[in-house]
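Trainee: Right, I'll just put the structure down here and ask away after.
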Amino acid sequence: MTKRIWDLFLVIAGSIIMGGGIAFEAKSKFGLDALSLFNEGMGKLLNVPLGTASQLVVVSIIVILFFIDKKRVGIGSIANGVLVGASANFFMPIVNQLNENFSLRVIMLIIGILLVSIGIGIYVSAGLGEGGFDAWMMFAADKLKKEVRFVRITLDICLVAIGTLLGGSIGLGTLIATLSYGPIIQFTLNIMSKLRKQTHTNNPINE
């Protein structure tokens with residue numbers, strides 16, 4: 001397996017994992033994550049549906065970053081943008097069959113947060129470009145020379161604040177995800193970096 005194919009596999013796997021996590025988060029009904037909250041607020045400001053607002057935000061971020069830092073935009077950006085939504089739609093009917101008692105909703109929230117953040121860490125580790133907000137996160141981390149966990153928490157807090165002011169729906173899940181995404185993404189990136197170095201040392205992957 002060439003390095004390129006392996007990296008593409010990571011993008012696909014990470015994006016699908018993210019989609020599954022989004023389905024669990026949505027089913028938990030504990031509130032939107034920071035970016036979705038911001039998108040909801042922008043939708044109300046622009047008087048457009050949440051999906052349309054999300055697309056406008058993602059496209060705007062990618063266009064801006066394309067001119068600022070082209071390396072953040074690549075095949076991974078496109079694949080992630082397509083696969084996350086598609087896999088979320090695939091998993092949603094399956095997750096919707098689960099009961100909605102409070103304890104199970106808490107478990108689904110935890111599973112959702114873990115899957116989304118781990119998925120982000122996996123697909124970003126491929127280095128083939130990031131989708132939307134993740135690209136901005138990595139760009140800020142590189143430029144500020146700060147760890148991803150701190151950058152992500154800061155950006156998420158800003159999104160929650162702006163989204164709430166614009167009328168977005170904040171909830172317990174929003175607050176937990178805001179504080180959890182950054183550290184879990186950072187942990188996953190560190191693990192993936194070690195695995196890639198170990199794999200390259202023990203069994204170099206052809207370029």
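The values are calculated or read from the model by the stated rules, or taken from the named source; none is laboratory data. Bear in mind that the values here come from a model prediction, so they are computed numbers and not experimental data. Virtual Cβ from ideal backbone geometry, glycine too; neighbours counted across all protein chains shown. Ligands, DNA and RNA are excluded from the accessible area calculation, which covers all protein heavy atoms including side chains. Shrake-Rupley method; radii C 1.70, N 1.55, O 1.52, S 1.80 Å.
Trainee: Could you report the accessible area of Glu100 in Å², rounded to 10, computed with a 1.4 Å probe on the protein chains as they sit in the structure?
Mentor: 90 Å²
Trainee: Given charges of +1 on the Cβ of Lys and Arg and -1 on the Cβ of Asp and Glu, with all other atoms neutral, how large is the dipole of the chain about its Cα centre, in debye to the nearest 20? Each step should come with its number before you reach the end.
Mentor: Values: 17 positive and 12 negative charges, 87 e Å.
Its charge dipole is roughly 420 debye.
Trainee: Would you count, across the chain, every pair of lysines whose alpha carbons are under 25 angstrom apart, provided the pair is eight or more residues apart or spans two chains?
Mentor: 20
Trainee: Let me ask something additional. On C-alpha positions alone, give me the angle between the axis of helix 132-144 and the longest principal axis of the chain, in degrees, nearest 10.
Mentor: 60 degrees
Trainee: Mind checking which of Leu109, Ala79, Leu165 is farthest towards the positive end of the chain's charge dipole, using Cβ charges of +1 (Lys, Arg) and -1 (Asp, Glu) about the Cα centre?
Mentor: Ala79
Trainee: In whole percent, and with a 1.4 Å probe on the protein chains, what portion of the accessible area of the chain is carbon and sulfur? List each step's numbers first, then the result.
Mentor: On the way: 7560 of 10940 Å².
Roughly 69 percent, rounded to a whole number.
Trainee: Rolling a 1.4 Å sphere over the protein heavy atoms, what is the accessible area per residue of the chain, to the nearest Å²? Write down the numbers at each step before the final one.
Mentor: Working: 10940 Å² over 207 residues.
With the other protein chains kept in place, the chain gives 53 Å² per residue.
Trainee: Per residue of the range 159-165, what does 6.51 cos²θ - 1.76 cosθ + 1.60 with θ = phi - 60° give for ³J(HN,Hα)? Whole Hz please, x for Gly and Pro, Karplus curve as stated.
Mentor: Along the range 159-165, the couplings run 5, 5, 4, 5, x, 5, 4 Hz.
Trainee: Hey, what angle do you get for helix 50-68 against the long axis of the chain, alpha-carbon based, 0 to 90 degrees rounded to 10?
Mentor: 40 degrees
Trainee: Answer with a single label: of (i) 1.04; (ii) 1.02; (iii) 0.97, which was calculated as Rg/Rh (Cα atoms, Kirkwood Rh) from the structure in view?
Mentor: Read-out taken from this structure: (iii).
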